[in-house]
Amino acid sequence: MDNRTNETHHTPLEVIVIKSTIFIIIAIAAVIGNSLVIIVISQYGRNAAQTVTNYLIMNLAILDIINGLFQLPLYLVNIIADRQFYGEIGCAIHVQIGGMGFIGSIHNLMWIAIIRYLVVVKSKKLQSRHAYYCIGIIWATCILVPAVSFLGWGKSVYVDIEKGCVPDWNGNSISGIARGIYDAVIDFAIPLIVITYCYLFIFLFLSRKRRDMICDGFQSPTAMDKANVTSTMFIIFIAFLICIAPWSLLAFIIMPVAQVAVSDGVYFTSLALVLCNSAINPVLYAYRSKDFRIGYKLAIHKIFKCCNN
């Protein structure tokens, strides 16, 4: 993070307005969209037996709502003030919330991949309690992993181009290098390896299953449903990667390693893309699932009906 200059500069008012508007739109979309996801699954998904995957989808929606309600406003106040608006404690809180959102999301996606692997490949019959176990582990991980900064391992620094606070690892010390490795392994390596392994074997299994069904001249509705759900969750994972990849490359490779200067516009676009991930999942669910589209319509109709009364 040493390359990211903290030299402040005056931002034109029109740029502040544009950035603020974009972040406000993302925040509103994240809160409303993911609230609809929770309503649809909890109120209109009962006939689908409230699967473990559904519970994890709801948990992912809760994490995205937290991003929209808390993380985005912390960026927004700095953008509007054109400086660090809050002090050291606020900076530490910003890093904690940001870490919770990112780690929670990628570990949630990891556990969804594991559940899909167990259901599709191993044909395991899972119960609601298994979802509770997964969710408990996800929240423990996303809270405790970034919290080590409060124990003195690493620190939080404000970066002007980020208009927010980020973890700072001192590459000149053993402790700093260890913290960087710690975050890289838990935040990236383990989840990505597990997710890749699970989906690789799932799609290999489904490919063999599809060939067998074609040979037999019969297509199992249950098998097709499992394949559709798994494909949807894989698309959600790919969307997550697409959203975080540009910022990750800029923040961890291009700027610190290659020492390449990046314009404010390019960096803001990559950051906005990361935050957009909190808002796009509800759209992808609607695109992939007729049940979600119907559920959204019912939920919106019910909300407007209540408001009119």
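Read-outs throughout are calculated quantities, based only on the coordinates presented, and are distinct from any laboratory measurement. The shown structure was predicted, so the numbers you read here are calculated from the model rather than taken from an experiment. We place every Cβ from the backbone using ideal geometry, glycine too, and count neighbours over all the protein chains shown.
The table below lists the values:
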{"item": "For the range 13-304, with +1 on Lys and Arg beta carbons and -1 on Asp and Glu, the positive-most of V31, I106, S123 along the dipole", "result": "S123"}
{"item": "Phi to ³J(HN,Hα) by Karplus 6.51 cos²θ - 1.76 cosθ + 1.60 over the range 225-230, Hz, x for Gly, Pro", "result": "4, 4, 5, 5, 4, 5"}
{"item": "The chain: angle of helix 128-144 to the longest principal axis, Cα-based, in degrees nearest 10", "result": "10 degrees"}
{"item": "Using alpha-carbon coordinates, inclination of helix 290-308 to the longest axis of the chain, degrees", "result": "70 degrees"}
{"item": "Dipole moment magnitude, nearest 20 debye, the chain about Cα centre, only Lys, Arg, Asp, Glu C-beta charged", "result": "1640 debye"}
{"item": "Expected 222 nm ellipticity per residue - DSSP helices of 4 or more, -39500 (n - 2.57), all of the chain, to 500", "result": "-24500 deg cm²/dmol"}
{"item": "For the range 104-110, 3J(HN,Hα) per residue [Karplus equation, 6.51 cos²θ - 1.76 cosθ + 1.60, θ = phi - 60°, Hz, x = Gly/Pro]", "result": "x, 5, 5, 6, 5, 5, 5"}
{"item": "Entries of K122/K226; K125/K297; K124/K226; K226/K297 with Cα pairs more than 21 Å apart", "result": "K125/K297; K226/K297"}
{"item": "Distance between the range 65-101 and the range 151-195 - C-alpha centres, whole angstrom", "result": "17 Å"}
{"item": "GNM flexibility winner over the chain from D183, D160, D264 (Cα, springs under 10 Å)", "result": "D264"}
{"item": "Paramagnetic reach from A261 (point 7 Å along Cα→Cβ, amide N under 17 Å) across the range 136-165", "result": "160-162"}
{"item": "Tail fraction, Cα-Cα pairs, the range 13-304, threshold 36 Å, whole percent", "result": "21 percent"}
{"item": "On Cα atoms only, tilt of 264-288 relative to the major axis of the chain in degrees", "result": "20 degrees"}
